[in-house]
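Please read the structure below before turning to the comments.
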Amino acid sequence: MPRHSRDLLIRLIALFKLVKALLLIAIGVGALSLRHHDGALAGWIHALVFDPHGRLFHEAVEKISGLDTRQLAGIAVGSMVYAAVFLVEGIGLMLRRGWAEVLTTIITISFLPLEIYELIEHESWMKIGVILVNALIVVYLVRRLRREGHWPFHRRRALGELRGATPGGR
């Protein structure tokens with residue numbers, strides 16, 4: 001694959017991570033504002049929902065209304081922590097840092113079991129899409145890291161070759 005295409009894919013992955021960070025920041029800020037202003041609930045939901053008379057609107061109101069201030073604070077803190085992780089990944093990838101590719105690979109792999117569990121508990125096409133995108137990101141980054149020698153198991157193989165071992169055999 002030409003270098004320009006590889007850089008474009010890294011930048012698209014970075015953009016994906018940054019968009020996820022912005023969404024999580026919005027969720028965190030929303031949870032904090034709902035925690036402090038009970039009347040803000042209707043305004044937030046009307047601003048975010050296209051059909052205020054639809055089923056999704058009423059389900060969202062029921063779920064959010066049932067949360068106490070402690071749960072809203074937990075959602076806010078969790079969202080902000082995950083947003084910080086995605087910001088570090090996205091900015092590092094935009095700056096084309098090797099450590100960011102390794103970090104993104106490890107973090108994305110670690111989230112896959114949780115995402116699969118969530119999919120099993122609450123099926124949705126959106127969750128399937130996110131899992132597929134994250135799996136493709138992992139496959140791409142692992143192949144890229146191995147090819148460029150940044151991935152740890154690639155170095156071990158190179159060390160074995162220096163010691164006289166043949167690649168693929170003992």
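In region 93-110, the residues that are in contact (Cβ under 8 Å) with a residue 24 or more places away in the chain reach residues that are among the polar types (S, T, N, Q) with C-beta atoms within less than 9 angstrom, at least six apart or across chains, in these pairs: Leu93/Thr104; Thr108/Asn134; Ile109/Asn134. Residues in region 59-67: is at least one modelled with pLDDT of 90 or more and not assigned by TED's automatic domain parsing to the domain that holds Val142? No, region 59-67 contains no residue that is modelled with pLDDT of 90 or more and not assigned by TED's automatic domain parsing to the domain that holds Val142. The sole residue among Leu132, Leu159 that is modelled with pLDDT of 90 or more and aliphatic (A, V, I, L, M) is Leu132.
The values are calculated or read from the model by the stated rules, or taken from the named source; none is laboratory data. Not measured: the values here are computed from a predicted model. Counting neighbours? That spans all protein chains shown, and the Cβs are built from the backbone with ideal geometry, glycine included.
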